[in-house]
Amino acid sequence: MESIQIAVRLRTPDPQAVTALNAIKAMRLQLPPIKLQRSELWDFELSSGGEKIVSELVGHFTDIVNPNKQSWFFTGKDVLFEGEDPELQWAGIVVRDHADSVSKNWTSLLKRRGFPVDSLRYSVLWRLGYLKDTDEALVKKMALDLSVSNTRAGGLLSNPVSQEVAFWT
Amino acid sequence: MSSAAVIRFPGSNCEFETARVLRYSGIDTRIYNWNDIERLSDNRADAYVLPGGFSFQDRIRAGVVAARESIMDLVFEEAINGKPVLGICNGAQVLLESGLVPGWKPGSVQGALAGNLAPGRSGYLSGWVHLKASPEAIERCPWLCSVDQESFPLPIAHAEGRFVFREEDMDRVKSHIGLKYCKENGSASSGWPENPNGSALDIAALMNAEGNVLAMMPHPERSFHLWQVPPDIGGPWGDRRRNSSLKELEELPGPGAVIFKSLAKYLGVE
Amino acid sequence: MSKKPSREELKSEVSSRGLAMTLEEAEKLTGYVDRMPTPLEFHLFDTMWSEHCSYKSSKPVLKTLPTDSPGVVIGPGEDAGVVSFCLHDGVEWDLVVAHESHNHPSQVLPVEGAATGIGGIVRDVYCMGARVTGSMDLLRFGNPEGSKGETTRGIVRGVVEGIWKYGNALGVPNMGGDTEFHPGYDDNCLVNVVAFGVVPHDRVVHSFVPREAHKEPYVLILTGKPTDYTGFGGATFASADLDGELGMGSVQVADPFLKRVLSEANQAVLDMLFEKGVKFGFKDLGAGGIACVTSELAAHGGLGIDVDLDSVPVSIENLPPEVIACSETQERYGLAVPASVADEILAVYNEEFELPRLFPHCRAAVIGKFTSKPVYNVICRGESAAETPINYITEGVVYQREERPVNSKAPEPVERPCDPSKDLAKILTSISGCSRQHIWSYYDSEVQGVTRLRPGEADSCVSVPVHGSRAGLAVSGDGNPWYGELDPFLGGAHAVGEAVRNVVATGATPICATDCLNFGNPEEPEAFWQFKQSVAGIAESCNALGFSGGDYPLPIVSGNVSFYNQSTGGKAIPPSPIVAVFGKIHDHRKATDMVLRQEGNIVLLVGTRKDELGGSLFYRTCLGHHGGTVPAFKGSLEKKMADWVLGVIHDKRAYSVHDISGGGLAVAGAEMAFASRKLGINFSLDSNPVTLFSETPGYLMEVDPRFVEDVTLPEFVSVAGKVCKGCLVSGNGWSVDLDELRNQWSDKLASVIWREEGI
């Protein structure tokens, strides 16, 4: 079994990220992120074929990636996100629903179409860009604080009851 | 005269019809913009309604950004003081994200309206469903106090309408049920499509412990008149709709009217 | 400014800027300005002289369409058509209608294409001062099960997603529309969009600066989304010069959230202006962006304008002037108002509705002032970016295109075996014949609380748009590609005919129509001939189907032409005239649906069946043949049938009505039974393919048994059968249990397109 993850980004500014950054500004945090970027993550569990199969599959379904508006790549530690300001310190928060029909429906569709896909998970990756010289541990803490809305005023990016979050590395 | 305030967030889109049916029900109703806080603060209403729509385009997730708008501080305060508060569709999502419903610890987010789960489809779903009120709600909830034990149809139109709770809360959530999805004849739903979104316990509307705050996914404001009911719907409402005279079609209430009639009764409107 | 360029210099300018204009057109422009045009001028004229804006190929042909009728307030020419609708509480209300295509963008970016399609068309209605009370999408896709099925399925899913994500958020009820699949759209889908709304007659707003601007200073306010480079025409330019990593110039990004807030803010501004009694002009920004809106508002009001591009709110710094001026950033409007009220208006947008807080750099700003000198003058960073005699901008160009008839005479099938039960089941579970419910289930058709009949409940959707008034509005859009392919004239005629029948079947009297004419390359004589034929068909049909009394036609009040719809190899789509018809029912309580009411009632057939099955669902689905004989269009008979049906409905004697179109009488009956759930129809007619499956125009109508005793039926009406118990249709020697088929009928689209089962 192989696990392969791809990230998909809009080539134009993502309105969701614009609104989210606006909402974060309104929270009047001491050290808010200066930039915010949003990507969609697709996690494939494959029985064979690896990146080649995923590339092929992405080429088949414009719902997952439409090259006319989105760019995509295999995620990995060394890959820099397109358009991210290297002058900032970036942290990533992955948000996914405990159960979602997008993942379910795509998994069964791909299986039905004969792709060697065992499962597929859809999630959202928020990349938060903090001022450069901020302490790395602090960045991580601040990002995590923003990640879960436990109360009406605190946290933002996920609902604690229906979603799970992870620090993206 | 009793009054209601309909709160419009950027992206709300059901504020006008909601205000209209409140007025038809004898309640003096005004629409307040999200930033019209001072005016609202000076003219407190007897009841508050958060209308349907797509506040902030459901970005990040439905209701979360609106829940943080300053005007919600006022609604929050009024809700805690026991004033009737109704959230319809997107308004319900705002109430969940505000921690007013289920509201065991007001302000804490203890439930979610997550993306619809339905076989073979995702995203938005519109259509008519059948509903039944819980005895607790009829007793406690100002928005449901005139509802009887019979099932009735209402339209839904949402992409995120699935009530979700933590495993450990599943028991205590039962006494908060306002409306449940059910079969046309009122018997318990056996899943899709009677329960259109995979909602826990078939919940379509959920209230706080006191019952004054109700978060409901169906749209009663779109089914206020009998003429708004689809001609092909089953059950007694369908028969009434198909067999009505011209006069009845115009004058008889639709199944959604009872929500606003309930409030009027609660507020003592003649 | 530079001196007059040589032909060679011009040629290289045109190609390096990725302009669509011909060298001759570039020379004409050079003649106007008497020097090398500025980049802004090039792009402005490139847009104004595009087929989309200038109708340069179609204009002479479009003049043949009937547009005049007593109810018409504004015919084709402004952003939308306006007809008078109803009188309520002493206020005269008008209906505003618009119809457009968004075909090419939807093929490339289905979600964004379909979304901006709705965005553009509702702006056209808003900017006439109306509240938009409905929209409708008329969709044509390739074969989802064919050789290009994978692309097609992705496009269908994307288009539907774009429609719901954008349209539902706007708060405009979606009235359904129709969807057809034909392999001729494999490389070029059609996304036609209709929007409509209502406005008090004395509050109709025009899209030009008012006469008053000759006497007092008027300014131009731009409001909405900050300008960026999206939708900036020349794709070559966009990726090379502008944005390096993000080569997205040609994409339009829709934002329904901003649009919704902006619409409410606009409404508040309009209320304020009317209250003050101030005259103003209002126009949405579409093709050509700021350049078009500023020049058109001025030119059509007989004035010039000075535009200051440095005052334009932008989201990206240092955009070249031609990009600021010509980008097609969505969600923007232009207002021509007296300078004296400008500050108050800015406050509504920027403070009351807080545009700057909702979206970075979003705000309303004064960007120009109208001048008595008839010049279009643009300044950017202290330099002149355009200085053009303004009347040239709106003058346009016209071409006489060649036409050459296409011989499309096709043979009829030699044999026509028919097993009614099997054939009907086959049709109802085919992609062409199955229910469209799955698509509609993504649409919000009830927001605003004005919807009386939703998609699928009747032949057309009916709403009650003026609160408190009983006036109902019925709307339907149609166009059969299989007819258009076999006979473009009849394709046009029946597009009007079927839409009229759909409106009539609910009890509404047609009051106006709009058209969207989708064809191939007009420079190809065959495609141009097809276009002319279809327009002639529409004209004939409209002339025959006027309901305003006298010789008045059904007026076409708005529309759009979309050429160059073809595959990469140059094969044109089937001729696709698509028509929307709007009808009024004085008392919406009489609106009739297609749900059968009572066992034992009589089902009447209006319209005698004829042997004309060319392009029919029966031929295509059951015989794998297209045939050749498309149903004839008989205008006066259509009119007589419509009048008779309307009379019966108004007398309250019709229980349910459904028009006969694709699939013929048998399919019409089955659709009524599906809608009724527990009732069906037992036909007492011959069980031959002509009776059951011919698509001769007509209606099925349910009446009570006394009706046929009380009323003498005209010669085109006969008894077809009886309403029976159970969801079924049957006839002599055949019967189809529809409960058994219901799942397949209602789930077919989802199964093939959304779940890709059996692919």
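The values are calculated or read from the model by the stated rules, or taken from the named source; none is laboratory data. For clarity, every value in this text was computed on a predicted model and none was experimentally measured. A quick note on method: Cβ atoms are made from the backbone with ideal geometry, for glycine too, and the neighbour counts reach across all protein chains shown. Heavy atoms of the whole protein, side chains included, go into the accessibility calculation; ligands, DNA and RNA do not. Shrake-Rupley method; radii C 1.70, N 1.55, O 1.52, S 1.80 Å.
Computed on protein heavy atoms with a 1.4 Å probe, what is the summed buried accessible area for the chain pair A and B, in Å² to the nearest 100?
Approximately 2100 Å², summed over both chains.
Per residue, how large is the accessible surface of the stretch C:592-759? Use a 1.4 angstrom probe and give square angstrom.
Using a 1.4 Å probe on heavy atoms only, each residue of the stretch C:592-759 averages 35 Å².
Return the average number of partner chain Cβ atoms within 10 angstrom of each residue Cβ along peptide A:8-17.
Other-chain Cβ atoms within 10 Å of each residue's Cβ, averaged: 5.
Using the Karplus equation 6.51 cos²θ - 1.76 cosθ + 1.60 (θ = phi - 60°), what ³J(HN,Hα) coupling, rounded to whole Hz, does each residue of the stretch C:211-227 give in order, writing x for Gly and Pro?
Going residue by residue, I get 3, 4, 5, 6, 9, 10, x, 10, 10, 10, 9, 9, 10, x, 4, x, 6 Hz, with x marking Gly and Pro.
So which lysines pass the test for residue C:426, namely a Cα distance under 26 Å, with those fewer than 8 places away in the same chain ruled out?
Cross-link targets: C:148, C:610, C:678, C:722, C:725, C:748.
Tell me what chain C gives for mean residue ellipticity at 222 nm when only DSSP H runs of n ≥ 4 count, each as -39,500 (n - 2.57), the sum divided by the residue total, rounded to 500 deg cm²/dmol.
Values: 24 runs with 239 residues, N = 759.
Helices in chain C give a 222 nm mean residue ellipticity of -9000 deg cm²/dmol.
How about the stretch C:327-374: which chymotrypsin sites (Phe, Trp or Tyr not before Pro) there are in a DSSP loop, with at most 10 other Cβ atoms within 10 Å of their Cβ?
Passing sites in the stretch C:327-374 do not exist.
Quick check: pseudo-label points 7 Å beyond the Cα along Cα→Cβ at residue C:467 and residue A:166, how many nm apart are they?
So the two model labels end up 5.0 nm from each other.
Longest span of chain A, sites excluded, free of GluC sites (Glu not before Pro) in DSSP loop with at most 14 other C-beta atoms within 10 Å?
A:1-83
Whose amide H sits under 5 Å from the amide H of residue C:684, counting only residues 5 or more places off or on another chain, with H placed in the peptide plane?
Distant-sequence amide H within range of residue C:684: C:721, C:722.
Roughly speaking, to the nearest percent, how much of the stretch A:2-168's 1.4 Å accessible area is carbon and sulfur?
51
Along the stretch C:153-168, what does the Karplus equation 6.51 cos²θ - 1.76 cosθ + 1.60 (θ = phi - 60°) give for ³J(HN,Hα), rounded to whole Hz, x for Gly and Pro?
With the stated coefficients, the stretch C:153-168 comes to 4, x, 5, 4, 4, x, 4, 5, 5, x, 5, 6, 5, 8, x, 5 Hz.
With a 1.4 Å probe on protein heavy atoms only, tell me which residues of the stretch A:100-120 lose at least 40 Å² of accessible surface in the complex relative to the chain by itself.
Listed in order, they are A:101, A:105, A:109, A:112, A:113.
Scan chain A and hand back the longest stretch that contains none of the trypsin sites (Lys or Arg not before Pro) lying in DSSP loops with at most 10 other Cβ atoms within 10 Å.
With a cap of 10 other Cβ atoms within 10 Å, the longest stretch comes to A:78-169.
Give me the percent of accessible area attributable to carbon and sulfur for chain B, probe 1.4 angstrom. Write out the running numbers ahead of the final one.
Values: 4050 of 8490 Å².
Roughly 48 percent, rounded to a whole number.
Which value at 222 nm does chain B reach when only helices count, each DSSP H run of 4 or more adding -39,500 (n - 2.57), with the total divided by all residues and rounded to the nearest 500 deg cm²/dmol?
Values: 8 runs with 66 residues, N = 270.
Helix contribution divided over all residues of chain B: -6500 deg cm²/dmol.
State which entries of C:279/C:369; B:183/B:265; A:69/C:165 exceed 20 angstrom in Cα-Cα distance in the structure shown.
The pairs that break the limit, which is 20 Å between Cα atoms, are B:183/B:265.
What distance in nm separates the simple spin-label points at residue A:2 and residue C:92, each placed 7 Å from Cα in the Cβ direction?
7.3
Provide the gained length on full extension for the span residue C:409 to residue C:318, in nm with one decimal, where the gain is 0.36 nm per separating residue minus the Cα-Cα distance.
On the way: separation 91, 0.36 × 91 = 32.76 nm, distance 5.85 nm.
Difference between extended and current length: 26.9 nm.
Could you compute the FRET efficiency for residue C:212 and residue A:118, with r as their C-beta to C-beta distance and R0 at 51 Å, rounded to 0.05? Walk me through the numbers on the way to the answer.
Numbers: r = 71 Å, r/R0 = 1.38.
About 0.15, to the nearest 0.05.
Across 5 Å bins from 0, what is the distribution of all Cα-Cα pair distances for the stretch C:454-497, in whole percents?
It works out to 6, 21, 17, 14, 15, 12, 8, 5, 2, 0, in whole percents.
So how far, in whole Å, is the C-alpha centre of the stretch A:23-99 from the one of the stretch C:620-668?
53
What shape does the stretch C:592-759 take by its C-alpha gyration tensor, where a ≥ b ≥ c are the square roots of the eigenvalues and a/c under 1.5 counts as rounded, a/b above b/c as prolate, and the rest as oblate?
On the way: a/c = 1.88, a/b = 1.28, b/c = 1.46.
In terms of gyration-tensor shape, oblate.
Once phi is turned into ³J(HN,Hα) by the Karplus curve 6.51 cos²θ - 1.76 cosθ + 1.60 with θ = phi - 60°, what whole-Hz value does each residue of the stretch C:300-314 show in order, with x for glycine and proline?
My calculation for the stretch C:300-314 gives 5, x, x, 10, x, 8, 9, 10, 10, 5, 5, 8, 6, x, 10 Hz in order.
Mind grabbing the interface size between C and A? I mean buried accessible area, both sides, 1.4 Å probe, in Å² to the nearest hundred.
The contact between A and C buries close to 1800 Å².
Using a 1.4 Å probe over the heavy atoms of the protein chains, calculate the carbon and sulfur portion of the accessible area of chain C as a whole percent.
Numbers: 11890 of 24650 Å².
Ligands and nucleic acids excluded, carbon and sulfur give 48 percent.
Calculate the spin-label point distance for residue C:632 paired with residue B:43, positioning each point 7 Å from the Cα along the beta-carbon direction, and give it in nanometres.
The two pseudo-label positions are separated by 6.7 nm.
Computed FRET efficiency, Cβ-Cβ of residue C:6 and residue C:201, R0 51 Å: what is it to the nearest 0.05?
After rounding to 0.05, the efficiency reads 0.40.
Please give the helix A:15-26 orientation as an angle from the longest Cα principal axis of chain A, in degrees from 0 to 90, rounded to the nearest 10.
Tilt of helix A:15-26: around 20 degrees.
Taking only protein heavy atoms into account and a 1.4 Å probe, give the accessible area per residue of the stretch B:182-233 in Å².
I get 24 Å² per residue for the stretch B:182-233.
Just tell me which lysines come within less than 19 Å, Cα to Cα, of residue C:276; anything on the same chain fewer than 8 places away is out.
The reachable lysines, counting only those whose Cα sits under 19 Å from residue C:276, are C:215.
Need one number: convex hull volume per residue for the protein assembly as shown, Cα atoms only, in Å³.
Measuring per residue, one finds 173 Å³ for the Cα hull of the protein assembly as shown.
Could you name the lysines in cross-link range of residue C:28, using Cα to Cα under 23 Å and dropping any fewer than eight places away on the same chain?
Result set, ordered by chain and number: C:3, C:4, C:11, C:56, C:59, C:373.
Pairing the Cα long axis of helix C:738-749 with the longest principal axis of chain C, what angle in degrees results, from 0 to 90 and rounded to the nearest 10?
That helix lies at roughly 20 degrees to the long axis.
Quote the FRET efficiency, to the nearest 0.05, computed for residue C:402 versus residue C:34 with a Förster distance R0 of 22 Å and r equal to the Cβ-Cβ distance.
Efficiency, rounded to the nearest 0.05: 0.10.
Quick check: the distance between the Cα centres of the stretch C:48-106 and the stretch B:183-228, to the nearest angstrom?
42
Mind checking how much accessible area B and C bury in total, 1.4 Å probe, in Å² rounded to 100?
Buried area between the two chains comes out at roughly 3800 Å².
Can you list which of the chymotrypsin sites (Phe, Trp or Tyr not before Pro) found in the stretch C:699-759 are DSSP loop residues with at most 13 other C-beta atoms within 10 Å?
none
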